[in-house]
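K.L.:
What follows is a single structure, and I will ask about it in a moment.
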Amino acid sequence: MWTKSVFGYKDKSGRPKIGNNVRITAGAKVLGNITIGDNVTVGANSVLVKDIPPNCVVVGIPARIVKPDGVKVDEKL
């Protein structure tokens, strides 16, 4: 995990559940009661507000899947 990342909301409406072998890079925001699956990479400055399936790479605002199971795509969450 890199610095200056944000997890959850201040109002305690939910905290994220983060799987094993998850890489969250600089400036990423993981907001609310969401689940990030195992073996996920979150790109820098991405904003996650929905569940992320395992074995993928997500980027963007809002985050979208760009590489599930090693195959390059561009899939909205």
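K.L.:
Roughly speaking, what is the stretch gain from Arg15 to Asn33, that is 0.36 nm per residue apart minus the C-alpha to C-alpha distance, in nm to one decimal?
P.N.:
On the way: separation 18, 0.36 × 18 = 6.48 nm, distance 0.47 nm.
So the chain would gain 6.0 nm between Arg15 and Asn33.
K.L.:
Once fully extended, how much extra length lies between Asn55 and Arg23, figured as 0.36 nm per residue of separation less the alpha-carbon to alpha-carbon distance? Mind dumping the intermediate values first?
P.N.:
Numbers: separation 32, 0.36 × 32 = 11.52 nm, distance 1.12 nm.
Length gained, Asn55 through Arg23: 10.4 nm.
K.L.:
Roughly what percent of Cα-Cα pairs across the stretch 6-71 reach past 17 Å? Can you show the working numbers first?
P.N.:
Working: 670 of 2145 pairs.
Within the stretch 6-71, distances greater than 17 Å cover 31 percent of Cα pairs.
K.L.:
Between Lys72 and Val47, what is 0.36 nm times their sequence separation minus the Cα-Cα distance? Round to one decimal in nm. Please report the intermediate quantities before stating the final value.
P.N.:
Details: separation 25, 0.36 × 25 = 9.00 nm, distance 1.98 nm.
Full-extension gain reported as 7.0 nm.
K.L.:
Considering amide H positions built from the backbone, and no H for Pro or chain starts, which residues 5 or more places from Lys67, or on another chain, come under 5 Å of its amide H?
P.N.:
Val57, Val73
Readers should treat all values here as calculations from the given coordinates under stated rules, not as data from a laboratory. Just so you know, these numbers come straight off a predicted model, no measurement behind them.
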